[in-house]
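Step one of this worksheet: look at the structure below.
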Amino acid sequence: MKKHILFVLLFIVNISLLCAQDLVQSGPMVGYSTMREVLLWTQTTKAAEVHFEYYEKGNAKQRFKTKKYTTEANTGFVAKLIADKVLPGKNYVYELFVNGKKIQRDYAMEFESQKLWKWRTDPPEVSFAIGSCNYVNEERFDRNGKPYGRDFDIFTSIHKKNPNFMLWLGDNTYLREPDWGSRTGLLHRYTHTRSLPELQPLLASTHNYAIWDDHDYGPDNSNSSFPLKETSSEIFKLFWGNPNYDIINKGGITGSFTWADLEFFLLDNRYYRTANNNYTTERQILGKTQIDWLINALTTSDAPFKFVVIGGQVVSSEAMYENHATFPKERNYLIEKIREAKIEGVVFLDGDRHHTVLSRMQESNSVYPLYDLTCSSLTAGANNNKEPLNVYKIDDTIVGEHNFGILNVKGPRKERELTISIFNKDGKELWSKNINEKDLKYN
């Protein structure tokens, strides 16, 4: 009799745990990290009470909890909660609870707080992944023919590199005709992409930051006229974990963050954009307000490398597709302001093109070279475009297959070195380049 009761109780417990597991749609995901707090994200399949518990690695006895939050249909059943009991320079293990039940995963669920190093030591080594153009197939809404997305095991390869964080460079999901016309469609497509099984281990233990480009903003080549741009901005903020958005108070997703001694300036190339074929007005991609904010922020920064992150190429001279060269007046204004202010250490990071290339522009010997690293595509269709009209391209850096980048910065203060390495879907290195911080200074 006792054995029978025990069996029934175990059965009930197992059913309860399985039901809790079934309530998780995607995630958990680790968002931004600071010295005192970290963002944790997850999505449930229906309304559920969610919270996280976490502890310093190796000290499971001292546990901390986030607030509890009940997910809602109107916000895609997304929960974004703050781990606010962290201390600088620590590694933490965390656990997800749904309706009071712990969610089991067969991969690590960890995060880190940033180190307190200034005035104490040299800055720490930093490693971060980059990539763009991620298409996850969904046959009933996709175009007919060969699936556009493939090689999803690339996310396993990125995960194995164990970066501190991943920086998503736009087109992180692809909206299609059934998606971009309604809030329901936007939520559906973001949910579908985020639920990719191969993506989950990377999300769970690598901090994630993101910008957008046209395909995760609206239709192909979309601009400021997109009628759902406010809704699109809202959904983007729901699904990503940046520490700030719209810091110029104009709408959109403009923001910034720091990691160790590095600074990242996340630009919005869609919300304010003039239509590509509209020549009847002042043409802009970023807009003067956003560029002036950027210049002000760059002049404030003392980072050895100042990464300007934008959905499309800036340095390339190839005035076609959606490159900044097709908006020459604004492009010149941006570059001239960087030079006029004598801002050092600027490196552009972007995606969009479905191939990877490093461009290097140096107008004269009196200025340092501006580098522009285009990294694409993760899983969407790749091409081997040689950029024949881009006079600044470095020929041996063109990659026409699915790939990702790992950027590593190390070395003592004032002697930091950036190593850019590009890998194929299997994690095999395709090329590597080194840039010392002294190479990005004025004579």
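The values are calculated or read from the model by the stated rules, or taken from the named source; none is laboratory data. Since we're looking at a predicted model, the values are computed, not measured. We place every Cβ from the backbone using ideal geometry, glycine too, and count neighbours over all the protein chains shown. These accessible areas exclude ligands, DNA and RNA; they are computed on the full protein's heavy atoms, side chains included. Shrake-Rupley method; radii C 1.70, N 1.55, O 1.52, S 1.80 Å.
Inclusion of G58 among residues that are in a loop (DSSP other than H, G, I, E, B) and touching a residue at least 24 places away in the same chain (Cβ under 8 Å) is not warranted. Name the pairs whose Cβ atoms lie under 6 Å apart, with the first residue in region 27-42 and among the acidic types (D, E), the second assigned to a strand (DSSP E or B), and 6 or more positions between them or separate chains? Within 6 Å, the pairs are E37/I82. Count of region 358-394 residues, restricted to those that are in contact (Cβ under 8 Å) with a residue 60 or more places away in the chain, open to solvent by less than 10 Å² (accessible area, probe 1.4 Å), hydrophobic (A, V, I, L, M, F, W, C) and closer than 15 Å to D439 by Cβ, is 2.
Screening N164 with (1) within 18 Å of D213 (Cα to Cα); (2) open to solvent by 20 Å² or more (accessible area, probe 1.4 Å); (3) in contact with a Phe, Trp or Tyr (Cβ under 7 Å, 6 or more places away or on another chain) gives one miss only, at (1). The set of residues in region 56-70 that are farther than 22 Å from L202 by Cβ and surrounded by 15 or more Cβ atoms within 10 Å (Cβ to Cβ) comprises E56, F64, Y69. Annotation note: Cβ proximity below 7 Å between a residue of region 217-231 that is within 15 Å of G170 (Cβ to Cβ) and of a type in the set (S, T, N, Q) and a residue that is in a loop (DSSP other than H, G, I, E, B) and modelled with pLDDT of 95 or more (sequence gap 6+ or interchain) occurs for N221/N276; N221/E322; S222/R270; N223/R270; N223/R273; N223/T274; N223/A275.
Answer with yes or no whether V136 is crowded, with 21+ Cβ neighbours inside 10 Å, in contact with a helix residue (DSSP H, G or I) (Cβ under 7 Å, 6 or more places away or on another chain), in a loop (DSSP other than H, G, I, E, B) and touching a residue at least 24 places away in the same chain (Cβ under 8 Å). Yes. Scanning region 178-205 for residues that are in contact (Cβ under 8 Å) with a residue 40 or more places away in the chain and assigned to a loop (DSSP other than H, G, I, E, B) turns up W180, G181, S182, S195, L196.
Exactly one residue out of Y190, Y279, Y271 is surrounded by 22 or more Cβ atoms within 10 Å (Cβ to Cβ) and more than 23 Å from N296 (Cβ to Cβ), and it is Y190. Among the residues of region 24-55, those identified as of a type in the set (D, E, K, R), in contact with a strand residue (DSSP E or B) (Cβ under 8 Å, 6 or more places away or on another chain) and open to solvent by 60 Å² or more (accessible area, probe 1.4 Å) are E37, E49.
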